Amino acid sequence: MTGSVMKTSWSHCLYWVVLLILHTTVSTLERFEVLGPADPVVAVAGEDVVLPCYLKPSISAVDLHIEWFRIQTEDPLVHLYQDHEDRNENQIPSYRGRTSLFPEELRNGNTSLKVKNVRGSDNGQYKCLVQSAEWYDDSSINVHVKAIGTQPVISIEGYKKGGISLVCESKGWYPQPQVVWMDSEGHNLPAGHTERHTDSMDLFTVRRRVIVQETETNRFTCRVRQQKINEMKETITDVPGEMFHRAHPWKVAFAVFFSLGVPAIIILAVLIPRYMKQQREKGLLTERLSVENMCRRAELLKAQRYAVDVTLDPDTANPWLILSKDKKQVREGDTGQDLPNNPERFKQRISVLGKEGFSSGRRYWEVQVGDKTQWTLGVVRESINRMGYFPLNPSGGLWALSLWNGNEYEALTDPPVSLHLSVKPRKVGVFVDYEEGEVSFYSVEDKSHIYTFTGYKFTEKLYPYFWPGFCYQSENSAPLIISPVSDTD
């Protein structure tokens, strides 16, 4: 009897062992990894590129669901393969007719994507997701679009502010390059704001003006450089000296007087009073500017009396942002975090809000920006679109100041207003007067006024707004830091 029971138990045990082995084997066969490249894929604008993606083990993907999509975009779908065919009805419009898999390679587990005629907007992070009935996996791929623009073209616009106005233009760059004007010795010249726009391929055209004075050589250089892709082009121009004489009529007057044999005393009698008048006018202008600066400094001191303690709200932070433990610093990370999908969180804009909002009174806070090359600071209304993109202007619910490319400051009005700042702000003060409908920005270190939004009527709660810029630029990896306000006397 005992032997029979033992025999039955062993048979029962063996049955479950075999069943477990079979189940484990099936589960293992159903599982796979999706592998992509460790390094970014460099894509040349105008050419085709392949985004590598493979299954491990290299099982057939013919019967699987394959989806390529963009990260951090409102409409993410790039390419969809489902039920043995491409299903791209909801594809991002800019990819229409430009994407394809490799049908003959699907049996080998190759789920790579080919993108034709690369354009600037293709730059960014992608995901390759492969799914079966019981399992799925994905892999991220970074795409860096590269486009080398045209040789800079220099044009002479004419006389302006006592000098000669030159404009330099170059087309077809990605990422956006910097434009620098230099004299014959290679020294940088103070120049105007860099104008930029994109063409049908989403590539950048850049244009920058400079007003030059006469030198020994009258030779000037426009250099267009994209440091990230290590490309540079430059053009040299020689301005005829006669043009500068026309720009300075008094030089021509001297020449005419002397050629006619007019005595020097008469020349001085004519020109010196005019010169003295100009100097007096300049002195009045300097005095007026000095008074205005004093008023602006007084404005800042008054604003600082309304200083508040601002901390960052982690519930609103985009998953790509990294906040310090004390919630006073923010920067963009290298990867997205797995955070709760709450409705307060920004899904597309890589932004974060201050913890406390306000619907009355005056508020002031300061943010250390240091040597960062990109940032946006200001306030937003409570109902700002956090699920997708919103216009970067007051009509979209944002009153902000922005920096691009290290020295291009803009007040985000509609259209944006370019700001030419003589001193790079390292700490920015933000002042809001809710009842007056004003948002002001100050450079704290030199106590100068930068810009004020005026004439608005606030009807919702406002929150401090922060965008630390993209971290792929190494010079912009430092965080934005909310600083304590010390000058309140």
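Odds and ends about this structure:
- Formal net charge of residues neighbouring Ser402 (Cβ-Cβ distance under 11 Å; K, R +1; D, E -1): -2
- Charge dipole magnitude, Cβ of K and R +1, D and E -1 - region 318-366, Cα centre, debye nearest 20: 200
- Other-chain or far-sequence residues with amide H under 5 Å of Leu113's (modelled H): Leu51, Cys53
- Entry note, region 377-489: relative contact order of 22 percent, from Cα contacts under 8 Å with a spacing of 6+ residues.
- Of the residues Thr221, Thr311, Thr335, ranked by 1.4 Å probe accessible area with the largest first, the sequence reads Thr335, Thr311, Thr221.
- Charge tally in the Cβ shell below 14 Å around Thr215, where Lys, Arg are +1 and Asp, Glu are -1, Thr215 excluded: -4
- In this view, the solvent-accessible surface of Glu30, computed with a 1.4 Å probe and all protein chains in place, comes to about 70 Å².
- Long-range HN-HN contacts of Ser483 with modeled amide H, under 5 Å: Glu366, Val367, Gln368
- Candidate residues Met182, Met387, Met232, Met243: accessible-area rank, largest first, probe 1.4 Å: Met387, Met232, Met243, Met182
- Only protein heavy atoms count here; on that basis, with a 1.4 Å probe, Ile322 has an accessible area of about 70 Å².
- Here the accessible area of region 115-191 is 46 percent carbon and sulfur, with a 1.4 angstrom probe and all protein chains present.
- Across the protein chains, with a 1.4 Å probe defining accessible surface, the residues Ile59, Ile156 rank Ile156, Ile59 from largest area downward.
- For Gln227, the residues 5 or more places off, or on other chains, whose built amide H falls under 5 Å of its own are Gln178.
- For region 125-157 versus region 397-436, the inter-centroid distance based on Cα atoms is 30 Å.
- Between region 192-249 and region 361-395, the Cα center-to-center distance that results, in Å: 33
- The residues packed around Val167, meaning those with a beta-carbon under 12 Å from its beta-carbon, carry a net charge of +1 if Lys and Arg are +1 and Asp and Glu are -1.
- For region 108-249, the equivalent ellipsoid derived from the alpha-carbon gyration tensor has semi-axes of 47, 12, 11 Å in decreasing order.
The values are calculated or read from the model by the stated rules, or taken from the named source; none is laboratory data. In this text, all values refer to a predicted model and were calculated from it rather than measured experimentally. Positions of Cβ are backbone-derived with ideal geometry, glycine not excepted, and every protein chain shown enters the neighbour counts. Surface areas here come from the heavy atoms of the whole protein model, side chains and all, with no ligands, DNA or RNA. Shrake-Rupley method; radii C 1.70, N 1.55, O 1.52, S 1.80 Å.
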